[in-house]
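The structure appears right after this line, and notes come after that.
The values are calculated or read from the model by the stated rules, or taken from the named source; none is laboratory data. All figures in this text were calculated on a predicted structure; none of them were measured in a lab. Glycine gets a Cβ as well: all are built from the backbone with ideal geometry, and neighbour counts include every protein chain shown. Accessible surface areas use protein heavy atoms only, side chains included; no ligands, DNA or RNA. Shrake-Rupley method; radii C 1.70, N 1.55, O 1.52, S 1.80 Å.
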Amino acid sequence: MDPHARTYTTVSKVVGPIIVVDDVRGVAYGEVVEITMPSGRKRLGQVLETESTRAVVQVFGGTRDLDTDRTSVRFTGEIMTIALSPDILGRVFNGIAEPIDGGEEVIPEEIRDIYGSPINPTSREPPHDPIQTGISVIDGLNTLVRGQKLPIFSGAGLPHNQLAAQIARQSKVTGQEESFAVIFAAMGITYEESSFFIRDFTDTGALERAVLFLNLADDPAIERIITPRLALTTAEYLAFEKGMHVLVIMTDMTNYCEALREIAAAREEVPGRRGYPGYMYTDLASIYERAGRITGKPGSITQIPILSMPDDDITHPVPDLTGYITEGQIVLSRDLHRRGIYPPVDILPCLSRLMQGGIGEGLTREDHADVKNQVYSAYALGIRLRGLVAVMGNEGLSSLENEYIRFADLFEDRFIRQDHNEERTIAETLDRAWELLAVLPQEELKRIDPAFIKKYSRTAKETPDA
Amino acid sequence: MYAQGIITRVIGPVVEASGMGGSTMYESVRVGDEALIGEIIILQGDIATIQVYEETSGITPGQPVQRTGQQLSVELGPGLLGTIYDGIQRPLTVIRGFSGDMITRGSTAPALDHNRRWAFTPLVSPGDTVNPGDRLGSVTESTSVTHYILVPPEGDGRILTIADTKDYTIEEVIATIQTDRGIIKVSMVRRWPVREPRPIQRRRDPKEPLITGQRIIDTLFPLVKGGTAAIPGPFGSGKTVVQQQLAKWVNADIIVYIGCGERGNEMADVLDEFPQLHDPRTGQPLINRMVLIANTSNMPVAAREASIYTGITIAEYYRDMGYDVAVMADSTSRWAEAMREISGRLEEMPGEEGYPAYLSSRLAEFYERAGLAEPLGKHEKLGSVSIIGAVSPPGGDFSEPVTQNTLRIVKVFWALDAELAYQRHFPAIDWLMSYSLYSHTVDSWWEEQIGEGWSRKKQEMMEILQKENEIQEIIRLVGPETLPEEDKLALIEAEIIRESYLMQFAFHPVDTFCSPKKQSLMLSAIFAFFTWAREAVAAGVSASEIRSSPIFPLLSRMGPVPAEEEEDLFSALFAAVKEPCIPVRGN
Ligand SMILES: Nc1ncnc2c1ncn2[C@@H]1O[C@H](COP(=O)(O)OP(=O)(O)OP(=O)(O)O)[C@@H](O)[C@H]1O
Ligand SMILES: [Mg+2]
């Protein structure tokens, strides 16, 4: 028994996921607590606030059958940790790292604090290896690079899971065969959604190199606070200790934020925007900033967090604060989805901030940046004109303007749209963009270096009709 | 030795301790068994509330708090340039040397290298009378910057001894001064409390433009040496890119770049890129005239609060030597949020949106530390601190408290617009919403240094953009058919201004920087084209013929054209507009 451990039965208050324990001594901030309920069942908790004789504890797994008389609280003197070993690959855990695949507990090679420590900015290696996901809207216009954190902003009923699974399945860095792992952290998603991923991982053989942490919709909400941290601690171990390239998929971050809000409300904290705590930016950063590369180490952590935007509102605090931390975002559109286009990616609000360091000669292709800029400006104009036509018809539009509208239509159909199993190389993606740009008069390609136009442009005749 | 207090409470980054009688506000303390660095932010009887600059897990009531008797301060002296610090001036490269790739708690090291020797050249002689701010001597801090060692504030008097031209560490005494209050010894290192502005002789009105090489800024919304600017915008609209562009190209002597609560990869990028970039004026690596403060979003939040003060204090230190210093703070919103977070833990009465009531006064105090100044001392050169603060409004909504309180103080407002960023129109500075109160101040500089007619063209350019907006409004109401040809031409003119002048890609090897001369040349070419086009339209040429004229695509080549082809392009442009435009068919 741990000499630092002390047990008390002095719970004075239970509010939501929080309990207050009185007459304690020497409780450390952040300490792990084991709570034994009147029924004999145990729960985990963590100290949120400590005073000379009083401690405020957040209880994972909920407080429903706790009481103030018989509940006993043991302060363990330890911080929250996870047991790690290379054998963790292929395993399935619940949201607090208990095995749920029928296997044994992991025999630890190492035990780590799940909160980790910040990477020293001087140790970071700026990410620049492009990942080919085989998906044109990503590779061509919002290239993902190793060590990036690139979330998918989605909405209820949109195919974000299919897209994330397709990325996990198809991702490769061309010309490099290195050890690769997928870590999947589910927070409050449904059984069906989680089994979709498990099936997809199983079918493609990815399960052997995956670690799953599953907190499903009917699991305790407060556990969601630690699920992503377990996943990321595992990722750091595999990436920076074992030299693997780790892709971390976390879904749904909105559920994570709900759990944060619940704790803040129970503590009667001054709420920030829409009731979320004022420190949510800092809290989310402590998750997202755990992506990256470290100079001199072979591995990397790439994150694809998925979040659903309540009401499809991109200014809602969850997508908003996420976008302020991550290195871009992939935004799904209900409109494209309704029109049957998969992946329904609305490219205008999308962004990959690390793209410019990961594309160009020697990485993808010399014309990549110019093509991207040209496609963006032409599509943006096409969409604007399409809106105009919707209001007052085609009259008065010049033939040039009509060509822009045609470009936007073709672009959605031939560039954005692709099959769930269709994999395009980056060169194929760029060639496709050139084919579509041929719809426009060459003088309109103002964002492309004339030398590239000479080298890559197609004549309009080669463009197949939609 | 000061009295020791005892921790009574720990909530996140905030700790309370009793037995702290005799301490002062903002005193620096060491918290707990691991002696974490903290600062007193509230005193009430003998209870002190302390913000702790490191992660507090494991800290337990009953552990000690040690006073230091000193305010939270920074170390100033040669060796600051080219260094990257965290929010409380811990040298991150040194820390990495002993604590590894992850920053572990309790890692500290002196901000400056105390063993390194610097070649000192005296500038005074024994017997000279000196006042605070006078130059005692100099060292070459980096090949591009001479670092002056100044007489400290308490140093009025007569020089007793001064060191010879030789190498010294920053701790060695290089001068002794006889003052009224006794003899003081001066070395090359000083400490200064970060929350206290460094004194100056007097403020002056700024008037010289701070040239950034970014057309929309220099032409339409200029900044001055000693001025203040805010750049608010939603995520991904280009705040950081603009700040980094300014750090690279601005004609200041020293750059202080504060990464306050933002991304680690962005700091890594600066560290990766800046040593390889060469200052166009000195030919030296840019990093040699730069100090970086990196307190990323996942680093302790209290140190984020301090990072802004650490940065501005270092900036003032170089200003006092007579330099022009530019401070980039990315993002001041994260700083404000750090205040809010600490304030929330203190259970203070919240103001608007949970921010503490003192938000606006803190913002004002920070921006007031900018300015053009006559430094203390006898030297003639003025020094300046310019501040460019990024603001990250929630949901991109500018009505929120940080944006609003900032706009009340700063003189330049570069409003970033999500729609422009979505269309990849960069820099996504909204030309109708942004303003600069220095716009007229710098006109005379441009007219005298660059070319006559500048302010008139600039004015007309704004009018065309304004007009475009009005015509668009009409199109939305009645459609495009009924527009007169003059209005159609106005739309084409606005398109040229937007796409060939205001738009400027930061990552383009040539267009990343545009000199004032080139800006003026481009404007002349654009207006020559406008005159040509207007005459043609008046003579019956249609606007759509103008748009398909072969001159049109040449205009968009002006920004990115490689230096060696620049002359040909401009000659071609000016030659082309000499020929009147003949209507093709009369359609
Ligand atoms: N002047 C520019 N030229 C070219 N691209 C730009 C320019 N400004 C911004 N961008 C593009 O926009 C992206 C986002 O810009 P940036 O990172 O500066 O946004 P931000 O406003 O700082 O966002 P956040 O608030 O999330 O930090 C960049 O990665 C780049 O792709
Ligand atoms: Mg930024």
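Taking the residues in region A:292-336 that are of a type in the set (A, V, I, L, M, F, W, C) and within 16 Å of ligand 2 (Cβ to nearest atom) as candidates, determine which candidate is surrounded by the most Cβ atoms within 10 Å (Cβ to Cβ).
By that ranking, first place goes to A:321.
Restricting the search to region A:89-117, which residues are open to solvent by 30 Å² or more (accessible area, probe 1.4 Å), within 21 Å of the chain's Cα centre (by Cα) and within 14 Å of chain B (Cβ to nearest Cβ)?
Hits for region A:89-117 are A:115, A:117.
Consider residue B:184 carefully, then state whether it is away from every other protein chain (no Cβ under 14 Å), in a strand (DSSP E or B) and open to solvent by less than 20 Å² (accessible area, probe 1.4 Å).
Considered against the rule, which asks whether it is away from every other protein chain (no Cβ under 14 Å), in a strand (DSSP E or B) and open to solvent by less than 20 Å² (accessible area, probe 1.4 Å), residue B:184 comes out as no.
Of all residues in region A:41-50 being open to solvent by 50 Å² or more (accessible area, probe 1.4 Å) and in a strand (DSSP E or B), which is farthest from the other protein chains (Cβ to nearest Cβ)?
The qualifying residue farthest from the other protein chains (Cβ to nearest Cβ) is A:42.
Could you run through region B:158-173 and say how many residues are open to solvent by 80 Å² or more (accessible area, probe 1.4 Å) and touching a Gly at 6+ places or on another chain (Cβ under 8 Å)?
Count: 1.
Given the residues B:39, B:54, which is the only one that is more than 10 Å from chain A (Cβ to nearest Cβ), closer than 24 Å to residue B:340 by Cα, charged (D, E, K, R) and in a loop (DSSP other than H, G, I, E, B)?
Only one candidate passes the filter, namely B:54.
Step by step: first the residues of region B:499-508, then only those that are within 11 Å of another protein chain (Cβ to nearest Cβ) and within 14 Å of ligand 1 (Cβ to nearest atom), then the one that is farthest from the chain's Cα centre (by Cα). Which residue is that? Explain how you work it out, then say what you get.
First, pick out the residues of region B:499-508 that are within 11 Å of another protein chain (Cβ to nearest Cβ): B:499-500, B:503, B:505-508.
Okay, now just the ones that are also within 14 Å of ligand 1 (Cβ to nearest atom), so B:499, B:503, B:505-508.
Numbers: B:499: 27, B:503: 22, B:505: 20, B:506: 17, B:507: 20, B:508: 22 Å.
Looking at the filtered set, the residue picked out is B:499.
For residue B:504, which of the numbered conditions (1) at pLDDT 95 or above; (2) touching a Cys at 6+ places or on another chain (Cβ under 6 Å) fails to hold?
(2)
Can you tell me which residue is nearest to ligand 2 (Cβ to nearest atom) among those in region B:509-521 that are within 13 Å of another protein chain (Cβ to nearest Cβ) and open to solvent by less than 20 Å² (accessible area, probe 1.4 Å)?
Of everything passing the filter in region B:509-521, B:512 is nearest to ligand 2 (Cβ to nearest atom).
For residues that are of a type in the set (Val, Ile, Thr) and part of a strand (DSSP E or B), scanning just region A:281-332, find the one that is farthest from ligand 1 (Cβ to nearest atom).
Applying the filter and picking the extreme gives A:294.
Can you confirm whether residue B:211 is open to solvent by less than 10 Å² (accessible area, probe 1.4 Å) and either on the phi > 0 side of the Ramachandran plot or away from ligand 1 (no atom under 16 Å from the Cβ) (or both)?
Against the criterion (open to solvent by less than 10 Å² (accessible area, probe 1.4 Å) and either on the phi > 0 side of the Ramachandran plot or away from ligand 1 (no atom under 16 Å from the Cβ) (or both)), residue B:211 does not qualify.
Among the residues of region B:228-252, write down those that are open to solvent by less than 10 Å² (accessible area, probe 1.4 Å) and within 12 Å of residue B:211 (Cα to Cα).
B:245, B:246, B:247, B:250, B:252
Among the residues in region A:13-20, are any within 14 Å of chain B (Cβ to nearest Cβ) and touching a Lys or Arg at 6+ places or on another chain (Cβ under 9 Å)?
First, the residues of region A:13-20 that are within 14 Å of chain B (Cβ to nearest Cβ): A:18, A:20.
The next check asks that each one be touching a Lys or Arg at 6+ places or on another chain (Cβ under 9 Å); those that pass are A:18, A:20.
Looking for residues that are within 14 Å of chain B (Cβ to nearest Cβ) and touching a Lys or Arg at 6+ places or on another chain (Cβ under 9 Å), one finds at least one in region A:13-20, hence yes.
Determine, yes or no, whether residue B:437 is modelled with pLDDT of 95 or more, within 29 Å of residue B:494 (Cα to Cα) and away from ligand 1 (no atom under 16 Å from the Cβ).
Answer is yes for this residue.
I'd like to check something: does region A:22-40 contain any residue that is at pLDDT 90 or above, open to solvent by 50 Å² or more (accessible area, probe 1.4 Å) and over 28 Å from residue B:34 (Cβ atoms)?
Checking region A:22-40: not a single residue is at pLDDT 90 or above, open to solvent by 50 Å² or more (accessible area, probe 1.4 Å) and over 28 Å from residue B:34 (Cβ atoms).
Among the strands (runs of 3 or more DSSP E) lying completely within region B:66-156, list those that include at least 1 residues that are over 29 Å from the mean Cα position of the chain (by Cα).
Because the criterion is at least 1 residues that are over 29 Å from the mean Cα position of the chain (by Cα), the strands (runs of 3 or more DSSP E) in region B:66-156 that meet it are B:118-122, B:135-142.
Of the numbered conditions (1) open to solvent by 60 Å² or more (accessible area, probe 1.4 Å); (2) in a loop (DSSP other than H, G, I, E, B), residue A:446 fails exactly one; give the number of that condition.
Among (1) open to solvent by 60 Å² or more (accessible area, probe 1.4 Å); (2) in a loop (DSSP other than H, G, I, E, B), residue A:446 violates only (1).
Can we say residue B:465 is closer than 30 Å to residue A:394 by Cβ, within 14 Å of another protein chain (Cβ to nearest Cβ) and open to solvent by less than 20 Å² (accessible area, probe 1.4 Å)?
No; evaluated as a whole, the condition is false for this residue.
Would you say residue A:139 is over 30 Å from residue B:304 (Cα atoms) and within 14 Å of chain B (Cβ to nearest Cβ)? Spell out how you get there, then give the answer.
Details: over 30 Å from residue B:304 (Cα atoms): yes; within 14 Å of chain B (Cβ to nearest Cβ): no.
No; evaluated as a whole, the condition is false for this residue.
In region A:162-180, is there at least one residue being more than 18 Å from the chain's Cα centre (by Cα) and on the phi > 0 side of the Ramachandran plot?
Yes; the residues of region A:162-180 include at least one that is more than 18 Å from the chain's Cα centre (by Cα) and on the phi > 0 side of the Ramachandran plot.
Would you confirm, using the coordinates I've provided, whether residue A:81 is within 14 Å of chain B (Cβ to nearest Cβ) and open to solvent by 10 Å² or more (accessible area, probe 1.4 Å)?
Here the answer is yes, as residue A:81 does meet what is asked.
Can you give me the number of residues within region B:237-280 that are among the aromatic types (Phe, Trp, Tyr), away from ligand 2 (no atom under 15 Å from the Cβ) and within 13 Å of chain A (Cβ to nearest Cβ)?
1
Give the residues of region B:10-30 that are crowded, with 22+ Cβ neighbours inside 10 Å, without any contact (Cβ under 8 Å) to a residue 40 or more places away in the chain and within 33 Å of the chain's Cα centre (by Cα), sorted by residue number.
B:29
Identify all residues within region A:337-350 that are in contact (Cβ under 8 Å) with a residue 60 or more places away in the chain, aliphatic (A, V, I, L, M) and either buried (at least 17 other Cβ atoms within 10 Å of the Cβ) or within 11 Å of another protein chain (Cβ to nearest Cβ) (or both); write none if there are none.
A:345, A:347
Look through region B:296-309, keep the residues that are facing chain A (nearest Cβ under 9 Å) and of a type outside the set (D, E, K, R), and return whichever of them is nearest to residue A:124 (Cα to Cα). Break it down into steps so the answer makes sense when it comes.
Of region B:296-309, the ones facing chain A (nearest Cβ under 9 Å) are B:296-301, B:304.
If we keep only those that are of a type outside the set (D, E, K, R) as well, we get B:296-301.
Values: B:296: 12, B:297: 15, B:298: 14, B:299: 14, B:300: 18, B:301: 20 Å.
Filtering region B:296-309 for residues that are facing chain A (nearest Cβ under 9 Å) and of a type outside the set (D, E, K, R), the one nearest to residue A:124 (Cα to Cα) comes out as B:296.
Could you tell me whether region B:256-264 includes any residue that is in a loop (DSSP other than H, G, I, E, B), open to solvent by 20 Å² or more (accessible area, probe 1.4 Å) and closer than 20 Å to residue B:314 by Cβ?
To start, the set of residues in region B:256-264 that are in a loop (DSSP other than H, G, I, E, B) comprises B:261-263.
Cutting the leftovers down to open to solvent by 20 Å² or more (accessible area, probe 1.4 Å) gives us none.
Looking for residues that are in a loop (DSSP other than H, G, I, E, B), open to solvent by 20 Å² or more (accessible area, probe 1.4 Å) and closer than 20 Å to residue B:314 by Cβ, one finds none in region B:256-264, hence no.
Identify, from the list B:321, B:290, B:299, B:267, the residue that is in contact (Cβ under 8 Å) with a residue 40 or more places away in the chain and either within 15 Å of ligand 1 (Cβ to nearest atom) or polar (S, T, N, Q) (or both).
Being in contact (Cβ under 8 Å) with a residue 40 or more places away in the chain and either within 15 Å of ligand 1 (Cβ to nearest atom) or polar (S, T, N, Q) (or both) holds for just one of B:321, B:290, B:299, B:267, which is B:267.
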